[in-house]
1. With each pseudo-label sitting 7 Å past Cα toward Cβ, what's the Y133-I71 distance in nm, one decimal?
2. So, R0 is 41 Å and r is the distance between the beta-carbons of K188 and T18; what FRET efficiency does that work out to, to 0.05?
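What follows is calculated from the coordinates using simple rules that are stated; it is not laboratory data. Bear in mind that the values here come from a model prediction, so they are computed numbers and not experimental data. Quick reminder, even Gly has a Cβ in these numbers, built from the backbone with ideal geometry, and neighbours come from all protein chains shown.
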Amino acid sequence: MKTKLSLLFMAGGLFFITLAASKLYTTSKVQTDTLLKATEHVASTQPLHKVDRTVIVENHDILGVLNLPSIGSTLPIVAGVSDDDLEKGVGHYTGTALPDQNDQVVLSGHRDTVFKRLGELKIGDEITVQMNYGTFTYVIEETFIVEADDRTVIKSTAPNEVLTITTCYPFNFVGNAPQRYIVNAKRKE
């Protein structure tokens, strides 16, 4: 009886390990494909529809590329923060500015995929956002932790352009994390 129970537990464990590995592989493949499309989009000569400095985007659009050189990450940026969007890469929070709009730009991503090394960023590190209408550089000014339901970090910073990056925290937490890790970076002129 003990042998059968042990085998059952081992089979169950193997099943969940296989399921997790499959999910990681699928997510990695989707992100790689999206990064390729984002890189092509950034290189295109057809900028997003610009109307009086307002960029019009639809949810799920590929917007650009986020570069975190100090940790060696190059990530695709998509419009929206739904589960489907965040599976593809970094999500742009709808209702916040895009680069070159002189207000707060908010990007979010999962702590266990695109932002698994976000906590390694340091004050003074540079971040670049490549769009098909330009490349924008930001310098990290602060990092901090807030509760998961704290929305005060999303606010207008006009006329100053601030890039805010958010992810769940703690980084190694299993399940729905109770906090958010925030990185604020000011645009470098």
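1. The answer from the label model is 2.9 nm.
2. Numbers: r = 45 Å, r/R0 = 1.10.
Using R0 = 41 Å, I get an efficiency of 0.35.
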